[in-house]
Every structure is written in C-alpha cells, then in structure tokens.
1. Quick check: net charge around Glu109, other residues with Cβ under 13 Å of its Cβ, Lys/Arg +1 and Asp/Glu -1?
2. Taking the Cβ of His82 as the center, what net charge do the other residues with Cβ under 14 Å away carry, scoring Lys and Arg +1 and Asp and Glu -1?
Amino acid sequence: MTTTKGKAIQMGVSVDAPIDGSVAGSIDASVADSIAGSIDASISAVPAEDVFHDSTPGKVLSGARGLRGLTQAALAAAIGVHKSHISGMERDVRPIGKAMAKKLGHALEMNWRIFL
C-alpha cells in the first residue's frame, strides 16, 4: 500500500483517507469490470444434494443450535421438552415433526422448514 498526501492506493483501489480516519473510496473502472467478470463466471447452479449430500434434519438442528450458542439443555428448556428429545433429534433417532420444527424455528430464530 502506498500513502501519498491523504490518499491510500492498494490493488487499483483509491481511497481518500482524511486525517480524522473516515474513508470515502472509489474503484477504478477496470478493477470493477474485472471483479464483476469473476463473479459472473463463478456463479452456476449446483444442486443442494451435491453440496450437502450428508445433510440430515439432526445435523441441521445441531448446527443451528451451535450457531446460536445454546446447549441442548438450554434449547430444551426454551421449547419445553426434555434435553434427551433434543439429543435424539440431533442423532436422527427421533423424528422432527411440523409442530416441533415450528418450535425449534421460533426458539432458534430460523425458518422452521429447515428442520424437516
């Protein structure tokens, strides 16, 4: 990165950086075109099964619970079931029905359909 009289220039990006630390930037047109071309070239449809071939409702539940930083006991208390129910659902030995999926979705602040 090169700094000259209040301007920082790095990888074709020019950023005005006043002394107070605020930043107002602009990208060279050639850099913007290059980025846009790379993004367009990398976008393609991939079936979910190809990416998440081993995904199960239990793995989704376990991941969602972990994402929210909850223990099985805390999630169980939030939805009014015993923690063994959460464990069973995460191990895919206890099915997750529509009503339970809705409770889980509400407690985890996610769309309930991901648990089915």
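A short reminder: the numbers here are calculations on the coordinates, not readings from a lab. In this text, all values refer to a predicted model and were calculated from it rather than measured experimentally. Virtual Cβ from ideal backbone geometry, glycine too; neighbours counted across all protein chains shown.
1. Local net charge: +4.
2. For residues surrounding His82, the net value is +2.
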